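Participant: So that we are looking at the same thing, I have put the structure below in structure tokens.
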Amino acid sequence: GRPPQAAVVGPMKPGSALFRASQATMTVSISVFLYEGFAYNIIYLGRILPAVGKHAFVLPFAILFNAIWGLAIWSYVRAHFSDPGRVPDKWRDFVRAIGDALPVVPARPEWQPGKATYCKKCDLPRPERAHHCLLCEVCVLRMDHHCPWINNCVGYRNHKFFLLLGMYACLASFAALATSLPELVHCAGALTRIQDGVVWELGAVASFAQHEGYISNGGKLLEQNMTVAEARVTCSKLPTCKGFTFRGAYDGDESKVRDIYLKNHWDVFADSSHPWVSFRRMSDEVAPPKRLEVTDILVFLIFGILALFVAVLLTPMLATHVPLAMRNLTTIEDNYENMRNPFDQGSTTANLAQVMGAPGVDWLVPIDPWKPLSDGISFARSDERLEPDGSSELEDGEDVKPEMLWKMRYRVRRRVADVQEEASDGWLGSYVTRWWNG
């Protein structure tokens, strides 16, 4: 007989060195996530873009970044708080009920499909592809690795969330860098021009109203290539300036350089053959200058450095983990060489479905798969015919009980009572008998 079952050992004990190190690593990752969101939304969208006259970009940039960043945060929460796949009580009950009829072999660093392996630390037989985590001190179904950044194991139940976390966090960093790169470059140069704590000042600006057409009369005070934002400032500084005009359509982008005319008289002439736009100075009152403080620039530059760091860190990680998932492999199994992968389903989609569930829109959202293709105890083999939705032919049908699949895949030694039970299940019993006998 087997040794008596030991009590399930809990996770890392609070106060231990491993626990403190894992907590510290997780704190760093959470802090970087939150800092990235704060700096982008409050500093970049709230202060820097308005200061350079790019008001039209605030809303689309906010939607783009926060949609991806929100999915990354959601994925992080699910990856951290989800049970990675501890061996369930149902398997323990199955082991007790089957007894010595269940073949149990020593665990080896190689493929052992259809074999329950014995865990010396838990003092229990465990399912195929399960491994013992030395940090969490439990056996985890289809264990991949222990991730200190989420302070949790990555296994059968949260592998999907881990992959989505990596993809969305990487995308959020690239989106942040792509949308803020011109301002990051400008801010880096602005630090060399610090004056009285102000490194970027747009200047005092009066209020202006937009009109279609061009200013036809009056003296030309100035003609110069400049942006609309700079033209507002320049016209505000000239007491006799009544407005400015330029040729071409205006789409709200105040950072685009144009050939602009500043005029001292207002008389707009509108004609469809003259695609001009004019801005009329509405009052002589000048608003306070828009300025960015040194702290704004420093916070923004640190954000850029962290976003680049996250992108550089996660890109090779995804280049490792995504191809493994596409081959239905874990990082542990990638080292096995005793045979070909017995769980390879033959296609990228079918292999990913073993991790993400049956293909669907739920692949993109950090929620439990709507239709998981495994229970974490036994897995479809390469020699099993798959249904169109990616499930195994052995799992097709509502009459299939998990325990019967386990008996089939683990080659449980048959007893008379089992044969009678299978025969009572009709077509399934007949199929099981043929499959068992080869």
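Participant: Give me the residue from segment 339-355 that is of a type in the set (A, V, I, L, M, F, W, C) and either part of a loop (DSSP other than H, G, I, E, B) or farther than 13 Å from Leu329 by Cα (or both) and, out of that set, most open to solvent (accessible area, probe 1.4 Å).
Facilitator: Taking the candidates together, the pick is Met339.
Participant: Residue by residue through segment 176-199, note down the ones that are small (Gly, Ala, Ser) and modelled with pLDDT under 90.
Facilitator: Residues satisfying the conditions are Ala188, Gly189, Ala190, Gly197.
Participant: Looking at segment 22-44, can you tell me whether even one residue there is assigned to a helix (DSSP H, G or I), among the hydroxyl-bearing types (Ser, Thr, Tyr), open to solvent by less than 30 Å² (accessible area, probe 1.4 Å) and under 25 Å from Ala188 (Cβ atoms)?
Facilitator: The answer is yes; a qualifying residue exists.
Participant: Then there's this: I'd like to verify a number: residues in segment 246-265 that are more than 25 Å from Glu183 (Cβ to Cβ) and in contact with a Phe, Trp or Tyr (Cβ under 9 Å, 6 or more places away or on another chain), how many?
Facilitator: Selection size over segment 246-265: 4.
Participant: If you take the residues in segment 334-362 that are in contact (Cβ under 8 Å) with a residue 60 or more places away in the chain and touching a helix residue (DSSP H, G or I) at 6+ places or on another chain (Cβ under 8 Å), which one is nearest to Gly114 (Cα to Cα)?
Facilitator: Phe343
Participant: Given (1) at pLDDT below 60; (2) surrounded by fewer than 17 Cβ atoms within 10 Å (Cβ to Cβ), where does Glu395 come up short, assuming only one miss?
Facilitator: (2)
Participant: How about segment 356-387: which of its residues are open to solvent by less than 30 Å² (accessible area, probe 1.4 Å) and not aliphatic (A, V, I, L, M)?
Facilitator: Answer for segment 356-387, where residues must be open to solvent by less than 30 Å² (accessible area, probe 1.4 Å) and not aliphatic (A, V, I, L, M): Gly357, Asp362, Pro366, Ser374, Gly376, Ser378, Phe379, Glu384.
Participant: Pick from Pro109, Pro103: which is touching a residue at least 60 places away in the same chain (Cβ under 8 Å), loosely packed, with under 15 Cβ neighbours inside 10 Å and closer than 11 Å to Pro125 by Cβ?
Facilitator: Exactly one of Pro109, Pro103 is touching a residue at least 60 places away in the same chain (Cβ under 8 Å), loosely packed, with under 15 Cβ neighbours inside 10 Å and closer than 11 Å to Pro125 by Cβ, namely Pro103.
Participant: Quick one: in segment 215-236, of everything that is assigned to a strand (DSSP E or B) and charged (D, E, K, R), which residue is nearest to Gly248 (Cα to Cα)?
Facilitator: Once the filter is applied, the top-ranked residue is Glu223.
Participant: With the structure loaded, tell me whether Asp389 is among the charged types (D, E, K, R), closer than 27 Å to Arg86 by Cβ and either under 28 Å from the mean Cα position of the chain (by Cα) or at pLDDT 85 or above (or both) or whether it fails that test.
Facilitator: Criteria not met by Asp389.
Participant: Which ones in segment 130-183 are of a type in the set (A, V, I, L, M) and surrounded by fewer than 22 Cβ atoms within 10 Å (Cβ to Cβ)?
Facilitator: Leu134, Leu135, Met167, Leu171, Ala175, Leu177, Ala178, Leu181
Participant: Determine the pairs where a residue that is closer than 16 Å to Leu352 by Cα, located within segment 151-163, has a partner that is among the hydroxyl-bearing types (Ser, Thr, Tyr) and part of a helix (DSSP H, G or I) with Cβ atoms under 6 Å apart, the partner being 6 or more residues away or on another chain.
Facilitator: Phe161/Ser75
For every residue, the table says whether it meets (1) part of a strand (DSSP E or B); (2) modelled with pLDDT of 95 or more.
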residue	(1), (2)
Arg108	no, no
Gly114	no, no
Cys136	no, no
Arg142	no, yes
His146	yes, no
Trp149	no, no
Tyr156	no, yes
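Participant: Here's something else I'd like to know. In segment 221-249, what count of residues is obtained for those that are charged (D, E, K, R) and surrounded by fewer than 16 Cβ atoms within 10 Å (Cβ to Cβ)?
Facilitator: Of the residues in segment 221-249, 3 are charged (D, E, K, R) and surrounded by fewer than 16 Cβ atoms within 10 Å (Cβ to Cβ).
Participant: Please find, among Arg86, Arg47, the residue that is open to solvent by 20 Å² or more (accessible area, probe 1.4 Å) and in contact with a Cys (Cβ under 9 Å, 6 or more places away or on another chain).
Facilitator: Answer to the check: Arg86.
Participant: Among the residues of segment 151-188, write down those that are under 30 Å from Asp375 (Cβ atoms) and under 13 Å from the mean Cα position of the chain (by Cα).
Facilitator: His159, Lys160, Phe161, Phe162, Leu163, Leu164, Leu165, Gly166, Met167, Tyr168, Ala169
Participant: Here is a check on your reading of the model: is Val257 of a type in the set (Val, Ile, Thr) and open to solvent by 80 Å² or more (accessible area, probe 1.4 Å)?
Facilitator: yes
Participant: Restricting attention to segment 120-138, does a residue exist that is farther than 24 Å from Ser22 by Cα and either β-branched (Val, Ile, Thr) or under 17 Å from the mean Cα position of the chain (by Cα) (or both)?
Facilitator: Among the residues of segment 120-138, not one is farther than 24 Å from Ser22 by Cα and either β-branched (Val, Ile, Thr) or under 17 Å from the mean Cα position of the chain (by Cα) (or both), which makes the answer no.
Participant: Please go through segment 243-259 and pick out each residue that is outside any loop (DSSP other than H, G, I, E, B) and hydroxyl-bearing (Ser, Thr, Tyr).
Facilitator: Of everything in segment 243-259, just one residue is outside any loop (DSSP other than H, G, I, E, B) and hydroxyl-bearing (Ser, Thr, Tyr), namely Thr245.
Participant: Would you point out which residue out of Ala79, Ala72, Ala97 is of a type in the set (A, V, I, L, M), outside any loop (DSSP other than H, G, I, E, B), out of contact with any Ser or Thr (no Cβ under 6 Å at 6 or more places or on another chain) and surrounded by fewer than 17 Cβ atoms within 10 Å (Cβ to Cβ)?
Facilitator: Ala97
The values are calculated or read from the model by the stated rules, or taken from the named source; none is laboratory data. Computed from a prediction, not measured in an experiment: that's the story for all the values here. Reconstructed Cβ throughout: ideal geometry from the backbone, glycine too, with neighbour counts over all protein chains shown. The accessibility values were calculated without ligands, DNA or RNA, using every heavy atom of the protein model including side chains. Shrake-Rupley method; radii C 1.70, N 1.55, O 1.52, S 1.80 Å.
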